[in-house]
1. So with the 1.4 Å probe, I'd like the accessible area per residue for segment 266-328, rounded to whole Å².
2. Could you list the residues of segment 117-136 with an amide nitrogen less than 17 Å from a label point located 7 Å from the Cα of Met191 in the Cα-to-C-beta direction?
3. Once you place label points 7 Å from the Cα toward the Cβ at Gln233 and Glu472, how far apart are they in nm?
4. Report, to the nearest whole %, how much of the accessible area of segment 67-159 belongs to carbon and sulfur atoms, 1.4 Å probe, protein only.
5. Quick check: with the 1.4 Å probe, what order do Met220, Met194 take by accessible area, largest first?
6. Can you give the convex hull volume per residue for the Cα atoms of segment 250-337, as a whole number of Å³?
7. From largest accessible area down, sort Glu221, Glu429; use a 1.4 Å probe on the protein chains.
8. Per residue, how large is the accessible surface of segment 106-232? Use a 1.4 angstrom probe and give square angstrom.
Amino acid sequence: MKTKIGTKTSKPLIQTTNFNQSISLYTFITLLSCFYASFASSSSHPKPPPIPILPLPTSQQLSWQFSEMAMFIHFGPNTFTDSEWGTGRADPSVFNPTALNASQWVSVAKENGFSRIILTAKHHDGFCLWPSEYTDYSVKSSPWKNGNGDVVFELAEAARNAGVQLGLYLSPWDRHEPIYGRTLEYNEYYMGQMTELLTRYGEVKEVWLDGAKGEGEKDMEYYFDGWFSLIHQLQPGAVIFSDAGPDTRWVGDENGVAGTTCWSRFNCSDAKIGDTDPKYSQEGDPYGHDWVPAECDVSIRPGWFWHVSEVPKSAMTLLDLYYKSVGRNCLLLLNVPPNSSGLISDEDIQVLREFSELRRSIFSYNLAKNALLSASSTRGDLEDSRFGSHHVLEEGIYTYWAPNGNQSDWVLYLNFQEPVRFNVLQIQEPIQMGQRVIEFHLDILNKNGNWKKVINGTTVGYRRLLSFPKVESNRLRLVIDRSRADPLISYLGIYMDPFSILSNIYNTSSRSFFNGSQVLEKNYIQTFSNCFDLVVQYNVL
C-alpha cells in the first residue's frame, strides 16, 4: 500500500512549522535579553569627566590660589628713617631692631589665616636683609647682632617650623648699587643675588618682583626671561609675580581691589612689566591664552613701611577688601610692616584678630547645607552620582556639579523647609577644569510665587563673593546665563553678614532687582555696636 504523502506529511509539516515559530519567538526573546544585557553592561561604565578647557593652571598656581591670603613684610632701613622709597644712601648703622622676632611675624600670619608670608629681602634702596656676597650694603654692615644676623634665614626657619609658605621680594631697581644702569653687569649682579636667595633658605613658594622705578632714574634693561628661567630652575615649586606674570599678575592698583569681572585668563604678550594697562590687569582677558591670575596687594597702613604716625585700617575695611579680592577670584596680599623694634605692632595684631573673627562669624556655616538641592540636568545616568548637585555643598574644588551636554538651561535649585535670610552668595568653579562661567544670576521665589532676581555677576573662578541687601525666601535658584563650555560648579554657599556697611561693598557692576516684599533692609547702614545684636539674633557666632 502506498502512503498518501499529503496525508502523512501534513502533520509533520504543521508541527515543524509550529516548532519553527516557537524557535523564532524564543530566539527573539533571547536576542532581546542579550541586547538589554549588553546595554546595561555598557551603561554600567561611568561617563568620564568633561574635557577641560584651556588655559589651565599649573600645580604651582593651584597651590598659590588655595592660599587665598598672603602677608607682605616690608622691613629695612626705611623702617628706621621714616621713609617709603629709600635713597640707597642711608648708613647701614640705622638698621638695628632691638627685639626682632620672625617667629612672631609668622605666628601672626598663621593665626589670622595667612598661609604664606613674603619678605622684602631687598627693596629699592638696595639694602639686603641677608649677608649677600655681592655687596656690603646689607645686614652684615649693621650693628644688629654685630653684623652676624640674617633676617631671611630667621624668617625662612620660622615659616618652615610653622608650616607657612615663604616668598621673597627682590627689587630690580637698586638705588645703591653703582653698576645699576650698566645692563650686562647689573643683570649678572641681580641673578647672582637671586641665586643666593633661592639656594640658601630652603623651599620658596613665590618670587615677587616689579617694574617700580622713579622718574629720571637710570635707564636699565632687565633680562626678565633669563630671570624667570633661573627662578623656575632653582625653585620649580615657586610662582613668579610681576606686572605681566608669568605665573601671577599684579591687579593694576595698590588698593587691594580687583575688577568686578576678573578672568584668570591673560595674554602675557600683551603686558609689559612696568607698563601694563591697569584695566587689563584688573579684569584679565576673556580671550587670553595664558593662565595668570591676579594678586591684590595693599597695606594695612597708609604706607608700605612702618611709620610711628600712622594707624592701621579697621577690621571692617579689611573685610571689604576681602570681598573685593579673594571674593573676585584673586589672592589678597596684605602688607603688615614690623615696627622699628622688629615686631608687628599690637594695634595691627588687634585689627587682624578682629578681621579673622568677622570672617569666621560670616563664613563658618553655609546656610545652603539646610537645603534640598536639585539641578536642571546632571551629567551621566541617574545612578552616577559623581557629578550630582550635592557636590556643591562639599568643600574643595575636586568634586563638582556638571550638567548634561548640549543643554540650554543650567540651573541649581535650593529648596528649604523654612524661609532663610541671607545677604552673601559664594560660588566656586573647579578651576583645574578651566574658567568657564561668563555670566550668572541668583533668583528667589517671592511671596507671590514669582521668581525675582536678587543679584547678577560676571566671572566666578576660584571664589566669587557677592553681597547685597538682605533677602528672605525658602526657594532659590542659581542660573548660569553664559558659559564658555558646560558650566561646572564646585561650591555654592549663602551666608548672613550682619557687619558690612552695604555702601562699602556694593558695586554698581552687579545690579540688584527688588520689590517691597523682598527687601528686608534698605539703606543698610549700621554701626559695629548694633552688629552684635544682629549676631546674637541670627546665631552666627
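The values are calculated or read from the model by the stated rules, or taken from the named source; none is laboratory data. Everything quoted here is computed from the prediction, not taken from an experiment. So basically every Cβ, Gly included, is an ideal-geometry build from the backbone, and we count neighbours across all protein chains shown. Side chains are part of the model used for accessible areas, which takes the heavy atoms of the whole protein and leaves out ligands, DNA and RNA. Shrake-Rupley method; radii C 1.70, N 1.55, O 1.52, S 1.80 Å.
1. Numbers: 2480 Å² over 63 residues.
With the other protein chains kept in place, segment 266-328 gives 39 Å² per residue.
2. Residues 134 qualify, since their backbone N sits under 17 Å from the label point.
3. For Gln233 paired with Glu472, the spin-label model returns 6.6 nm.
4. Values: 1400 of 3200 Å².
Of the solvent-accessible surface of segment 67-159, carbon and sulfur hold 44 percent.
5. On the way: Met220 25, Met194 5 Å².
Ranking Met220, Met194 by accessible area, largest first, yields Met220, Met194.
6. Numbers: hull volume 7.6 nm³, N = 88.
Once divided by residue count, the hull of segment 250-337 is 86 Å³.
7. On the way: Glu221 110, Glu429 0 Å².
Putting Glu221, Glu429 in descending order of accessible area: Glu221, Glu429.
8. Numbers: 4910 Å² over 127 residues.
Value returned for segment 106-232: 39 Å² of accessible area per residue.
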